[in-house]
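The block underneath contains the structure these notes are about, expressed in structure tokens.
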Amino acid sequence: MEEQTAREEVLQQLADTIDVGELLLTARRRAPAYRLEAFHWVLTEGIEFTLKQHLGLPESQRRHLSGREIVQGLAQLAREQFGPLAREVWSQWGIRQTRDWGEVVYALIAVGLLHKSEQDRIEDFDNVFDINQTL
């Protein structure tokens, strides 16, 4: 138990030293076709929503997400948050196809805000669905 508490304290100290805002800006510079809001939304709402609501995992459970799962979760979140304006919001952010979410996610990976497995490829985000018909 003490080991877990010590590990959590170290992780919290590390999190306190990371400038997430600066890393988000760096990610956006890596993929400038997309608005900063897209990066922020994926990181602060999209991943958690996909795990908890879209996949229905318990609060204490975390696991790796595939590109397909991420995009499907983001679509569900967009429909819930933005309703009939979901496609327009994504378009304003520069998101016109599911591959665009891959570009955003991989920029977040490049700056260390998200992680990937050896099996993950950006192509996993290709043609998951037609945004014009799904949103």
For the range 18-134, size of Cβ-based charge dipole, Lys and Arg +1, Asp and Glu -1, in debye: 100
Take every Cα pair under 8 Å in the chain that's 6+ residues apart, average their separations, divide by the length, and report that relative contact order as a whole percent. 29
Report, in deg cm²/dmol and to the nearest 500, the calculated mean residue ellipticity at 222 nm for the chain, where each DSSP H run with n ≥ 4 adds -39500 (n - 2.57) and the sum is divided by the residue count. -16000 deg cm²/dmol
Cα-derived Rg to Rh of the chain, Kirkwood definition: 0.99
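Values quoted throughout were computed directly from the atomic coordinates according to the rules given, and no laboratory measurement underlies them. All of these numbers come straight from a predicted model, not from anything done at the bench. Here Cβ is always computed from backbone atoms with ideal geometry, including for glycine, and neighbour counts include all displayed protein chains.
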